[in-house]
Amino acid sequence: MSESNGKAAAEVTSISLLKETMKQEEVPHIFVILGASGDLAKKKIYPTLWWLFKDDLLPKNTIFVGYARSVLSISDIKNRSEPYMKVKDGERTKLDEFFKQNRYVKGSYKEEDGFEHLDDVLTAIEDKKKDKPANRLFYLALPPSVFKDVTKHIKAKCMSKRGWTRVIIEKPFGKDSASSADLSNHLSALFTEDQMYRIDHYLGKEMVQNLMILRFGNRIFAPVWNRDNIASVIITFKEPFGTTGRGGYFDEFGIIRDVMQNHLLQILSLFAMEKPGSTDAKDIRDEKVKVLKRIEPLTLDDVVLGQYVGDPDGDVDAKEGYLDDPTVPKGSVTPTFATAVFKIQNERWDGVPFILKCGKALNERKAEVRVQFKDVPGDIFSGNCKRNELVIRVQPGEAVYCKMMTKKPGMSFDVEETELDLTYGSRYKGVSMPDAYERLILDVFCGHQIHFVRSDELAEAWRIFTPLLHKIENDKPKPIEYKYGGRGPAEADELLKKHNFVFTGTYKWAKPAL
Ligand code: NDP
Ligand code: BG6
């Protein structure tokens, strides 16, 4: 085994080992939630920490410290976050234990004094185990407006003196190439890349993580994963609700920045990258960057943009179009739906359209990768064979299925569409699937960066999207209206058709009894 392969194997197997080791050690770990009074903290971060805590996955000696400007007690934090914690009967004692491990510090984001005080509190916690190293994790559950000040103050006042420091940041990582580079430069002047964990929560989803294993752990896929066999690849995100309540925030970004530039492009890069030399984070992220570099920036001709309007016949929510949301600026042309065609100019993918499609207020909740294979050459079945499709469904209900042709069972010799179906709900009954944030936060404790976004990946992603985003902002093309609860504009289906996706409408799925 080569040295790098050995290291990779060690990285994969070390996750469980590391968890074990951390449980036993008495090393203090302090998890600081900056923005502890906010929505993200109460809905996601505190609940995730609780789930990890109750499953005994965190180092034994972990203390959670909330930081925000408001006057808050631990019971305030408990009252706010508990509704999202899904606490089961019999878990109350453990929940009390969890909150006993919590502290709260009030302070400003802009001024350094607050961080001096925070550091005093952290040091006092660590000093109870003076003979041990002590590690600090900072989660920035904060608006971008205070990102720079807060990271500057962490660096100046709060770095661990006896162990490692890791900083977790959430999107938006800028709004275009220039603003993202500005933020990256600011951060790289303060922290090394291995201290920074940029979260794209799609990288914490089971089936997104599974992409690498499916591709590189199966001989059957490798030979067909290329332009000779694949006609088109469609990566879809659909949500059946609008922006209600968040319209003001959303309008600044639009669906391309909200979902496509990050979540869907991450999936694309994992799908299309070459095989990395190992499962080492560096090797994987190098390959993701390489494939992104081979994608030309998008133009308006490559996209269909849409904005939902109310459906007068729909339910109460569906009656409201995007522009009816009082928090959305009047006459906004921000897209709530987008389909875009990408071309990867390399030997493997030359000529294969990669279509990214995402939208709000559509007919269903779904995230999936759909690979449509080319027609079988030299047909002998009178044109009755349909294209094979491999579908990797990220949510809801994780599944991998392959649409294929079979002989119609019985006396006939007709061909019929069917599927090879791996439905997680039936194959892995009883296996509980962790939330994306649970995996990712645990990864930060373990120092695993595979599922986090590196700064050069981010720069490439913005390079691909920035010209289009600027064009949209300058020219303000009017998005095509689509009805709340529908499949989006018909023009998006036309674009897919033009780019080698064939929809026959003939496939019928008979859901097996679970
Ligand atoms: P479909 O034949 O329904 O194909 C769906 C694809 O075609 C999607 O890309 C869809 O786009 C697109 N499409 C749908 N309608 C049109 C249209 N009018 N014009 C152009 N394109 C269209 O097959 P599915 O693979 O979706 O399977 C059908 C159902 O069976 C699904 O609900 C699926 O979840 C289920 N199934 C579940 C399995 C499992 O759980 N293991 C296994 C197999 C199937 P869009 O994404 O925009 O809708
Ligand atoms: C977020 C977007 O990143 O992802 C939201 O900002 C979107 O607009 C959400 O609703 C979807 O995440 P999930 O995990 O529910 O698919």
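The values are calculated or read from the model by the stated rules, or taken from the named source; none is laboratory data. Since the structure is predicted, the reported quantities are computational estimates derived from the model, not experimental observations. Note that we place each Cβ from the backbone using ideal geometry, even for glycine, and neighbour counts take in every protein chain shown.
Contact list please: Cβ distance under 8 Å, first residue in the range 349-373 and more than 14 Å from ligand 2 (Cβ to nearest atom), second residue of a type in the set (A, V, I, L, M) and in a loop (DSSP other than H, G, I, E, B), pairs at least six apart or on different chains.
Note: pairs meeting the criteria are Q372/V502.
Which of the residues that make up the range 295-317 are farther than 21 Å from T339 by Cβ and either surrounded by fewer than 17 Cβ atoms within 10 Å (Cβ to Cβ) or modelled with pLDDT under 95 (or both)?
Matches in the range 295-317: P312, D313, G314, D315, V316, D317.
Confirm whether V376 is touching a strand residue (DSSP E or B) at 6+ places or on another chain (Cβ under 6 Å), at pLDDT 95 or above, hydrophobic (A, V, I, L, M, F, W, C) and closer than 27 Å to I235 by Cα.
Details: touching a strand residue (DSSP E or B) at 6+ places or on another chain (Cβ under 6 Å): no; at pLDDT 95 or above: yes; hydrophobic (A, V, I, L, M, F, W, C): yes; closer than 27 Å to I235 by Cα: yes.
Spelling it out, it is not the case that V376 is touching a strand residue (DSSP E or B) at 6+ places or on another chain (Cβ under 6 Å), at pLDDT 95 or above, hydrophobic (A, V, I, L, M, F, W, C) and closer than 27 Å to I235 by Cα.
So if I check each of I392, I441, I450, which one is touching a residue at least 12 places away in the same chain (Cβ under 8 Å), buried (at least 18 other Cβ atoms within 10 Å of the Cβ) and more than 16 Å from ligand 2 (Cβ to nearest atom)?
I450
Select from the range 332-369 the residues that are assigned to a loop (DSSP other than H, G, I, E, B), away from ligand 1 (no atom under 14 Å from the Cβ) and of a type in the set (D, E, K, R) and write down the one among them that is farthest from P396 (Cα to Cα).
E347
Of the residues T236, T243, which single one is at negative phi, within 10 Å of ligand 2 (Cβ to nearest atom) and β-branched (V, I, T)?
That would be T243, the only listed residue that is at negative phi, within 10 Å of ligand 2 (Cβ to nearest atom) and β-branched (V, I, T).
Exactly one of these conditions fails for Q372: (1) of a type in the set (S, T, N, Q); (2) part of a strand (DSSP E or B); (3) farther than 17 Å from W225 by Cβ. Give me its number.
Every condition holds for Q372 apart from (3).
For the range 106-120, state whether one or more residues are on the phi < 0 side of the Ramachandran plot, surrounded by 15 or more Cβ atoms within 10 Å (Cβ to Cβ), within 30 Å of the chain's Cα centre (by Cα) and among the aliphatic types (A, V, I, L, M).
Within the range 106-120, not a single residue is on the phi < 0 side of the Ramachandran plot, surrounded by 15 or more Cβ atoms within 10 Å (Cβ to Cβ), within 30 Å of the chain's Cα centre (by Cα) and among the aliphatic types (A, V, I, L, M).
Return yes when D311 is among the acidic types (D, E), touching a residue at least 24 places away in the same chain (Cβ under 8 Å) and not in a helix (DSSP H, G or I) and no when it is not. Break it down into steps so the answer makes sense when it comes.
Numbers: among the acidic types (D, E): yes; touching a residue at least 24 places away in the same chain (Cβ under 8 Å): yes; not in a helix (DSSP H, G or I): yes.
So D311 fits the description; yes.
Against the definition (outside any helix (DSSP H, G or I), in contact (Cβ under 8 Å) with a residue 60 or more places away in the chain and out of contact with any His (no Cβ under 6 Å at 6 or more places or on another chain)), how does K110 come out, yes or no?
On the way: outside any helix (DSSP H, G or I): yes; in contact (Cβ under 8 Å) with a residue 60 or more places away in the chain: no; out of contact with any His (no Cβ under 6 Å at 6 or more places or on another chain): yes.
In short, no.
Filter the range 148-175 down to the residues that are within 20 Å of the chain's Cα centre (by Cα) and free of Cβ contacts under 8 Å to residues at least 60 places away in the same chain, then identify the one that is nearest to D131 (Cα to Cα). Walk me through it before giving the result.
Residues of the range 148-175 within 20 Å of the chain's Cα centre (by Cα): 166-175.
Okay, now just the ones that are also free of Cβ contacts under 8 Å to residues at least 60 places away in the same chain, so 167, 169.
Working: V167: 24, I169: 30 Å.
Looking at the filtered set, the residue picked out is V167.
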